[in-house]
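Worksheet: the structure to be examined is printed underneath.
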Amino acid sequence: MKTPRDIEVKFVKGIGPARAKLLEEELKIRTCHDLLNHFPSHYVDRTQIYLIRNFSGEMPSVQIKGRFVTFTTQGEGAKMRLVGLFSDGTATMEVVWFKRIKALKDLYQTGREYIVFGKPQEFNGRWSMVHPEVDPPESAAATGGLRGIYPLTEKLRNRGISSRNIFMWIQNALSAIKDIPETLPPEVIERYRLTGRDRAMREVHNPQDNGSLQRARERLKFEELFYLQLNIQRFSHHRASSVQGIPFPRIGRFFNGFYSEVLPFPLTDAQKRVLREIRKDVGSGKQMNRLVQGDVGSGKTIVALMAMLMALDNGTQACLMAPTEILATQHYETLRALVAPLGVNVRLLTGSTRKKDRDIIHRELEDGSLHILVGTHALIEDNVRFRRLGFVVIDEQHRFGVMQRARLWQKNTQVPHVLVMTATPIPRTLAMTVYGDLDVSVIDELPPGRKPITTLLRYDNQRTDVYRAIGRELSKGRQVYIVYPLIQENEKLDLRSLEEGYEIIKDSFPSYRVVYVHGKMKPSEKDFQMKLFAEHKADIMVATTVIEVGVNVPNASTMVIENAERFGLSQLHQLRGRVGRGAEQSYCVLMTKNRIAGDTRKRLELMTSTTDGFLIAEADMKMRGPGDIEGTLQSGIPFDLHIANIATDGQLVELARECACDILDADPPLTAPGHEMLLPELKQLYSRQFDLSRIS
Ligand code: ADP
Ligand code: MG
């Protein structure tokens, strides 16, 4: 039997070879299956006929019923347009076309009744519609309650293809296809009470009412998310069964010594919980792949250190990899100070480590006397060989790609446990997808005694007050960051505003020392300036977002972010985390132009009302869509889903994941009766990643 995947769209009534070619080029629609998976982006209510007399204000797309009184062509050449005067008996409006003028003039007649559907616009007190849909009342396109509006490209529109054409073609395809094959196992349909696929497809393209439309959409979303999760989970199930972890049965002198003699403060409950989760993994004989998400300052480093000490207690080595040299150095210094009393040998390896020290590191790694190696991605260079690497910590993982993670695994015949730490909280459902192969732990509690950062939204005309406040902080001996956005497309301009800002700050605070850092500087120069600030040899740092990662200067109490509206929320949150690291009250001032749009103001006001990174990430994802959230870009996860939306369909993501896991648990090869459709469907959807042998 032919399925929609076997039928090319050029055979669908109304399409033909030329349009089929356009559809493929513009929308990647080649088969009927593709066509049916081109879902409406929204629906309009076509149960109501509006009256022109009642048009007012900002109008949605509406339909009206009436007759053309006259047609005239106006303008010349490229500006030529066809204008129809349309009356519904209550008033008149103009209907305007800029394209296909001749064909349309022949097509529509004055005096005949039409249903016109489009978005009314008001201009100089006259209403008009540009390129509306025009149909005789008896046409299929003009009837029906809810009508899908289909996404199109500019080119398709220019070629005269409208949402209505797509609608008609889909109707034609649907009536030619007897039965759209089911792609979910019967047990799944039953368990989650889903609409069958054939019914859902017909409903979503031609809804009877809102209730059945919602059920149809839910079914199709579930299906899409289910296969996405099945594909991700298949890999981790495969790895779990084929890769053996290094078992850490012992808790010994390193861990216990640290806990009872060195640890300078009690752990928070969240830190304890995450340590228990890690302990459970590494004790189990399976290989751990765990992501620890925790806001800036939540104390991830101590957790990572204690996990590394477990590795040492079991006769293996550990390493910690950080994205920048400064951050690696800071980690190294923190760790070394903490473990010195225990006789743990820690060393630092970065791009600028001298040959002599490098040789010592290589030797000690191979003879096993080096316990913990801290560094940048110099760690994954080929000539770095461990005697027995048992535990890998990666800080700020999104700066490292998945491939780099895999290269660390290859440093040992037995795969080490991997702990990824990130201060970019991402919503749980997104984490389930982006880090589908990682288990997720969350440190959702800050150590006690921190004063929450006070965040303020201020406008350019309040600058004098802001500078006065900066002056007050400086006079108390505190340090201040001033941050400028640097956005690729506009680099020159941005750099200029940074330089101007630097001059203004120097003039405004003549008795204080100001440094200046941006991404275009030589790394050595940048490090030098940052170090001046870190050692309090400078009071004010004017910088671009290069300070986002790394620097820890507890004495810095204030951050001013210029043009705050140009940053994403998650990024603002990251930046803000640079202050509030000491015991003092800290401030973050978001500066914007005097006039900002309402939704921009809303975004920034959210920043002033909460310091909860998860809440901010959630809001950011809803506003910008999941594909734009930092940390998701290199994931390789296709975010251009057809109908589901990871940002807003969180609950369905969880159900789909649960369902995929249950099926894989019960039937790992996916070949049990009732599951016949699973492998072929996966192969169709994810053909490029289908072969399990290609990944570790
Ligand atoms: P991040 O999660 O941002 O990496 P860090 O690990 O750098 O946070 O910790 C931030 C600061 O909090 C450090 O100075 C650290 O010593 C301190 N800290 C960590 N855990 C606790 C705790 N349980 N109680 C008090 N201070 C803590
Ligand atoms: Mg950290």
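The values are calculated or read from the model by the stated rules, or taken from the named source; none is laboratory data. All values reported here derive from a predicted model rather than from experimental measurement. Every residue, glycine among them, receives a Cβ derived from its backbone with ideal geometry; neighbour counts consider all protein chains shown. We work out accessible area using only protein heavy atoms, side chains counted, and drop any ligands, DNA or RNA first. Shrake-Rupley method; radii C 1.70, N 1.55, O 1.52, S 1.80 Å.
Some notes on this structure:
- Among the residues of the range 319-351, the ones that are open to solvent by 10 Å² or more (accessible area, probe 1.4 Å), more than 13 Å from residue 308 (Cβ to Cβ) and β-branched (Val, Ile, Thr) come to 3 in all.
- Residue match in the range 654-676 (condition: among the acidic types (Asp, Glu), surrounded by fewer than 15 Cβ atoms within 10 Å (Cβ to Cβ) and either in contact with a Gly (Cβ under 8 Å, 6 or more places away or on another chain) or modelled with pLDDT under 90 (or both)): no
- All conditions but one from (1) away from ligand 1 (no atom under 13 Å from the Cβ); (2) in a strand (DSSP E or B) apply to residue 329; the one that does not is (2).
- Taking the listed residues 95, 62, the one that is of a type in the set (A, V, I, L, M), open to solvent by less than 60 Å² (accessible area, probe 1.4 Å), at pLDDT 90 or above and under 42 Å from the mean Cα position of the chain (by Cα) is 95, with no other qualifying.
- Identity of the residue in the range 309-326, assigned to a helix (DSSP H, G or I) and touching a His at 6+ places or on another chain (Cβ under 8 Å), that ends up nearest to residue 414 (Cα to Cα): 311
- Taking the range 394-443 as the range and being away from ligand 1 (no atom under 16 Å from the Cβ), at pLDDT 80 or above and open to solvent by 20 Å² or more (accessible area, probe 1.4 Å) as the test, the residues that pass are 415, 439.
- Any hit, the range 356-364, residues being within 16 Å of ligand 2 (Cβ to nearest atom) and of a type in the set (Asp, Glu): no
- Where a residue in the range 526-540 is touching a residue at least 40 places away in the same chain (Cβ under 8 Å) and its partner, wherever it lies, is open to solvent by 50 Å² or more (accessible area, probe 1.4 Å) and in a helix (DSSP H, G or I), with Cβ under 9 Å and at least six apart: 527/325; 540/506
- The range 252-291, subset among the small types (Gly, Ala, Ser), within 21 Å of residue 334 (Cβ to Cβ) and more than 29 Å from the chain's Cα centre (by Cα), residue least open to solvent (accessible area, probe 1.4 Å): 257
- Residue match in the range 328-337 (condition: in contact with an Asp or Glu (Cβ under 8 Å, 6 or more places away or on another chain) and within 16 Å of ligand 2 (Cβ to nearest atom)): yes
- Residues that are within 26 Å of the chain's Cα centre (by Cα), within 12 Å of ligand 1 (Cβ to nearest atom) and farther than 19 Å from residue 390 by Cβ do not occur anywhere in the range 302-320.
- Residues within the range 129-138 that are surrounded by fewer than 19 Cβ atoms within 10 Å (Cβ to Cβ) and either in a strand (DSSP E or B) or in contact (Cβ under 8 Å) with a residue 12 or more places away in the chain (or both), tallied: 5
- Within the range 378-389, if we keep just the residues that are without any contact (Cβ under 8 Å) to a residue 60 or more places away in the chain and crowded, with 18+ Cβ neighbours inside 10 Å, the residue that is farthest from residue 318 (Cα to Cα) turns out to be 378.
- The range 458-486, subset more than 26 Å from residue 552 (Cβ to Cβ) and in contact with a Lys or Arg (Cβ under 8 Å, 6 or more places away or on another chain), residue most open to solvent (accessible area, probe 1.4 Å): 465
- First in the range 268-286 and on the phi > 0 side of the Ramachandran plot, second anywhere and more than 15 Å from ligand 1 (Cβ to nearest atom), Cβ under 6 Å, 6 or more apart: 285/245; 285/247
- Entirely in the range 167-252, the helices (runs of 4 or more DSSP H) that have 2 or more residues that are within 30 Å of residue 317 (Cα to Cα) and either among the basic types (Lys, Arg) or at pLDDT below 95 (or both): 210-242
Residues are listed down the side, and each one gets a yes or a no for (1) among the hydroxyl-bearing types (Ser, Thr, Tyr); (2) within 16 Å of ligand 2 (Cβ to nearest atom):
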site	(1), (2)
419	no, yes
438	no, no
453	no, no
462	no, no
477	no, no
484	yes, no
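- Cross-chain or 6+ apart pairs with Cβ under 7 Å, the range 319-340 first and closer than 22 Å to residue 264 by Cβ, then of a type in the set (S, T, N, Q) and within 14 Å of ligand 1 (Cβ to nearest atom): 330/552; 331/301; 334/301
- Residue within the range 615-622 that is open to solvent by less than 10 Å² (accessible area, probe 1.4 Å), farther than 24 Å from residue 435 by Cα, modelled with pLDDT of 85 or more and more than 16 Å from ligand 2 (Cβ to nearest atom) present: no
- Residues of the range 590-598 include at least one that is in contact with an Asp or Glu (Cβ under 8 Å, 6 or more places away or on another chain) and within 22 Å of residue 476 (Cβ to Cβ).
- Whichever residue in the range 164-195 is of a type in the set (S, T, N, Q) and within 26 Å of residue 44 (Cα to Cα) and, among such residues, is farthest from the chain's Cα centre (by Cα): 175
- Candidate set from the range 1-59 (those that are among the hydroxyl-bearing types (Ser, Thr, Tyr) and surrounded by 14 or more Cβ atoms within 10 Å (Cβ to Cβ)); member that is farthest from residue 118 (Cα to Cα): 31
- Total residues in the range 185-239, condition open to solvent by 10 Å² or more (accessible area, probe 1.4 Å), under 20 Å from residue 4 (Cβ atoms), free of Cβ contacts under 8 Å to residues at least 60 places away in the same chain and out of contact with any Lys or Arg (no Cβ under 6 Å at 6 or more places or on another chain): 8
- Considering residues of the range 292-306 that are β-branched (Val, Ile, Thr) and either part of a loop (DSSP other than H, G, I, E, B) or within 9 Å of ligand 2 (Cβ to nearest atom) (or both) only, the residue surrounded by the fewest Cβ atoms within 10 Å (Cβ to Cβ): 301
- A count restricted to the range 517-531 and to residues that are outside any loop (DSSP other than H, G, I, E, B) and open to solvent by 40 Å² or more (accessible area, probe 1.4 Å) stands at 7.
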